[in-house]
1. At a 1.4 Å probe radius, carbon and sulfur cover how many percent of the accessible area of the range 268-405?
2. Mind listing the phi-derived Karplus ³J(HN,Hα) values for the range 111-126, rounded to whole Hz, using 6.51, -1.76 and 1.60 with θ = phi - 60°, and x for any glycine or proline?
3. If DNA, RNA and ligands are ignored and the probe is 1.4 Å, what is the ranking of Arg314, Arg95, Arg179 by accessible area, most exposed first?
4. Accessible area, 1.4 Å probe, largest first: how do Arg254, Arg198 sort?
5. Given H placed 1.01 Å from N in the peptide plane, which residues other than close sequence neighbours of Arg101 have an amide H under 5 Å from its amide H?
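The values are calculated or read from the model by the stated rules, or taken from the named source; none is laboratory data. Values in this document were obtained by computation on a predicted structure and should not be read as measured data. Just the protein is used for accessible areas: all its heavy atoms, side chains included, with ligands, DNA and RNA removed. Shrake-Rupley method; radii C 1.70, N 1.55, O 1.52, S 1.80 Å.
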Amino acid sequence: MNASPGGAGPSTGSAPDPSAGSAPDLATGAAAGLPRKVHAGYALGSLATGAFGTVPGLLLLPYLTDTLGVAAGVAALLVLLPKAWDVLVNPVAGRISDRTRSRWGARRPYLLVGGLALAVLFGSIFAAPFGAGPGAGAYVAIAFLATATAFAFFQVPYVAMPAELTDDYAERTRMMTWRIAVLALAILVAGAVAPLVRDAAGGGVPGHRWMGVFVAALIAVGAVGAFLGTRSAPQGSVGESEPSLRAQLAVAGRNRPFRALLLCFVVQSAGVATILAGVQYFADQILRDPTTGPTLLFLCFVGPALVVMPLWSRVGARLGKLAALVAASLILSAGGLALVAAPVLPAVVVYLLVAMLGVGYAGQQVFALAMLPDCIAYDTARTGRRQAGVFTGLWTAGETFGLALGPGVFGLVLALTGYVSSTTGTAAVQSDTARLGVLLGFTILPALLIGLATLLLRPYDLTPTLLATLTPSASDIPGAADAPRDSGADVPRDSGADHGVVVGTNAVENHGKGTTTP
């Protein structure tokens, strides 16, 4: 998509476009603080990410096996392959958005175009134009793959935006607080209402078609809301990026705080996905409540996020993001360890412990996502180039890998402990060993993954003070000639570092060597 500078459509390339925003805009926005309507508008995008992240995992596999007659093994493959594709396409989507120039900025065009494409394609997944059988399965596979591609081009630019909307350390936490609250609401609505819509429409193919329309509308509202809600926000400068995707990935790999945060988040995502994958099995085999148990567990896990977000925001302001992330992770881990006693606990205590998991999960999500823009800001100061899309592309690819890994790990535990499958639609009677596998897979295993992953954060050392010292010289960032200049001494250019320019203060030069000199 090409357009002349200032045109309505986006174009890709390496030449900066003055209409794409400037560093003075960003500086002004950071100083004054973003308006609440921008926080709310940006957060609306989580209606789209939450809906797409929830409904396929909840309904697509049963739709294939119980409505279209696709064999279970083939259906599982059809559900998993698009996740593998996401790992490949997300970094590409990030690079493309980094190089986009338009009067709407680098990211916002994808909120609208990618979001609306996501909505239409999601509805097409459940359209069933070929009825049941192998042809129907092939159609779903193609539609789901196309939908996953559209999702990458919406999600990656969306996640990249906070690093360019504000330079303020605390402002990013406030943005993530709004975003995670809306995300939790989207997960609750999509996870609870979509099955009701399907059943109210008669189930089967007609019910799934109407459910697809409902979720598509939810996605469209989120995409358009995020696009319109951020129209008054400062867009910042999207400067010259590295000349190739390989070079960009190499730069990201040398960002030590980002590496540490990404590794931790991937492992923790696998732990969280293991919990979610085990909800139905835990309700069936441990709580002995296959009817209402899964819904109550789901609500207890996700619901607290709507309540505790303001509390986590205050905790982050007092302790700092890193300490708050570790605290939230340990709460999540402790809840999982305590749940190992579920077979002898009253049901109400079990649900309270799951709510404790939800409290920790809310904090773990909000602080990890709030720390990501800090890593991007550090890279901008270190290299003189703003390329948030590459980092968020790697981030979402890693998250996708972790979320796909969790169910696989849980399934492996079930296989090793002798879990018996069923073709009747209800769980078969299981041995004590198999029930123990369900219990350990839902409690101890994810608790260890989430808790031990915090050790991977030891190299992470970005603080508000350090980030303040890393503010780059205005003359060294393309398109930022008029930006306020940091008072620190400039570091000489070094063309061999990170395929770009080392700019800013001495802290930038020495940070990677373990020393920080103001």
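1. 72 percent
2. 4, 7, 5, x, x, 5, 4, 4, 4, 5, 5, 4, x, 5, 4, 9
3. I get Arg314, Arg95, Arg179, largest accessible area first.
4. Of Arg254, Arg198, the descending order of accessible area is Arg254, Arg198.
5. HN-HN under 5 Å from Arg101: Ser11, Thr12, Gly13.
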